Structure formats: structure tokens, C-alpha cells
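Visitor: What follows is a single structure, and I will ask about it in a moment.
Each reported figure results from applying straightforward, stated rules to the coordinates on display, with no laboratory input. All values reported here derive from a predicted model rather than from experimental measurement. As a convention, Cβ positions derive from the backbone with ideal geometry for all residues, glycine included, and neighbour counts pool all protein chains shown.
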Amino acid sequence: MSCDKVMRRKWLIAGNDGVGKTSLASLIEGVDLKAKKSLDLQFRDKTIEVSEGYIENPYLNSALIMVGQNQALVNIFMIDLEKDCHFPPNFAKSFTRPTITVINKIDLYDKKQVKKLRQIAEAIGSDHIFEISIKKGTGLDKLREYIKEIEDERCFL
């Protein structure tokens, strides 16, 4: 089957408000998006941005899982220390699609805080963990490489 016949899946980005979901979506989309607080899912050409309500409210986790299963190329869980992480332990194991956890704002934390964030990220159970700072550009090369690899592999045009 040629790439143009394949259903176009998107990068699903979930996390608390203020964690950098829209900034990451801008990176993936290749355009400067404006953050917009919403209770809805934000569907774009390459991304689906999930509001924190789907994470904070356990009864909405199943809706997040359904969207992740049916529409996601990769599920991205974003965390930082500004708010408590509401992803349940081993939440990534609920998905059959690949999952990654992105620790954003890594430049703002000391070693003890980074260690705590890594423990949280590991508890989520994702396939990969990326430590980045979107504002400073730290760790973005590895993440961009991963994104390109997945998109090339999955015929994401």
C-alpha cells in the first residue's frame, strides 16, 4: 500500500496546562501555534492536543485511551514539576501505539528535581523518555530525530 493510501495518524500530546503541549505541537507542525486553554481536544494537521481534564479526571482516561488507540501515531505524555502529574502508574501500557514521555523545562531543575521527574516518567511506563527544554533548545535534536524516524517509517507526509 502506498503512503498516500494510509490513514494519517497524528501525534497525540497529553499533559497538564502549562507543560508545553502547544510549544511541542508547534515544533511538530512546523508553525508557530498560539496556546489556547480549552476543555476540548485540539485537532491539527499532525497533532492532537489533549487538555489536562482528560488526565486529571480518571473517568476521562478511557476517552484519552480510545483517541490514542484510534488516531495516534505516537502518544506523548508531557510532564514537569509545576503541577502534580496525574498520569496513573503504567498508564502508557494501556496503549498499543508507541508511547513516549517528554520531560519539558529540564533547564529549570536541579539534579534532585530531575531525578524525581525521571522517576515519574519511568512510572508512566513509556517506550522512551526525552528530557528537553523547548525554550532553550536542550534535547531537541534527539526528539526531532525520533519524530523524523517515526514519520519516515510510517509514511507520514
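Visitor: Would you mind counting up the charge near Gly15? Only other residues with Cβ under 14 Å from its Cβ, with Lys and Arg at +1 and Asp and Glu at -1. Present the calculation step by step, with values, prior to reporting the outcome.
Guide: Values: positive: Lys21, Lys37, Lys83, Lys105; negative: Asp17, Glu49, Glu52, Glu56, Asp80, Glu82, Asp84.
Counting the neighbours of Gly15, the net charge comes to -3.
Visitor: GNM, the chain, Cα, under 10 Å: largest mean-square fluctuation among Leu117, Leu81, Leu33?
Guide: Sorting by GNM fluctuation, first place goes to Leu33.
Visitor: A further question follows. Taking the Cβ of Glu56 as the center, what net charge do the other residues with Cβ under 11 Å away carry, scoring Lys and Arg +1 and Asp and Glu -1?
Guide: Its environment carries a net charge of -2.
Visitor: Only helical DSSP H runs with n ≥ 4 go in: add -39500 (n - 2.57) per run for the chain, normalise by residue count and round the 222 nm mean residue ellipticity to 500 deg cm²/dmol.
Guide: Mean residue ellipticity at 222 nm (helix-derived): -10000 deg cm²/dmol.
Visitor: What's the Kirkwood radius of the chain in Å, using all Cα pairs? Don't skip to the answer; put the middle values down first.
Guide: On the way: mean 1/r = 0.0637 Å⁻¹.
With all distinct Cα pairs of the chain included, I get 15.7 Å.
Visitor: Could you work out how much longer the chain between Arg118 and Gln71 gets when fully extended? Use 0.36 nm per residue separation minus the Cα distance between them, nm to one decimal.
Guide: 14.2 nm
Visitor: Can you pick out the pairs among Lys10/Lys111; Lys36/Lys111; Lys21/Lys111; Lys10/Lys136; Lys37/Lys116; Lys36/Lys135 whose Cα atoms lie more than 30 Å from each other?
Guide: Numbers: Lys10/Lys111 33 Å; Lys36/Lys111 32 Å; Lys21/Lys111 24 Å; Lys10/Lys136 25 Å; Lys37/Lys116 27 Å; Lys36/Lys135 18 Å.
As for pairs spanning more than 30 Å Cα to Cα, those are Lys10/Lys111; Lys36/Lys111.
Visitor: So, one more: Over the chain, with a Gaussian network built from C-alpha contacts below 10 Å, which listed residue (Asn61, Asn75, Asn16) shows the highest mean-square fluctuation?
Guide: Maximum fluctuation in the GNM of the chain, among the listed residues, is at Asn61.
Visitor: Go through region 28-37 residue by residue and turn each phi into a ³J(HN,Hα) via Karplus (6.51, -1.76, 1.60, θ = phi - 60°); whole Hz please, and just put x for glycine and proline.
Guide: Each residue of region 28-37 in turn: 6, 6, x, 9, 7, 8, 9, 5, 9, 5 Hz.
Visitor: Could you state, as a whole-number percent, how many of the C-alpha pairs of region 51-103 are farther apart than 14 Å?
Guide: More than 14 Å apart: 51 percent of the Cα pairs in region 51-103.
Visitor: Still on this model: For a quick check of your reading of the filter: which trypsin sites (Lys or Arg not before Pro) in region 57-135 sit in a DSSP loop and have no more than 13 other Cβ atoms within 10 Å?
Guide: Within region 57-135, the qualifying trypsin sites (Lys or Arg not before Pro) (loop, at most 13 other Cβ atoms within 10 Å) are Lys135.
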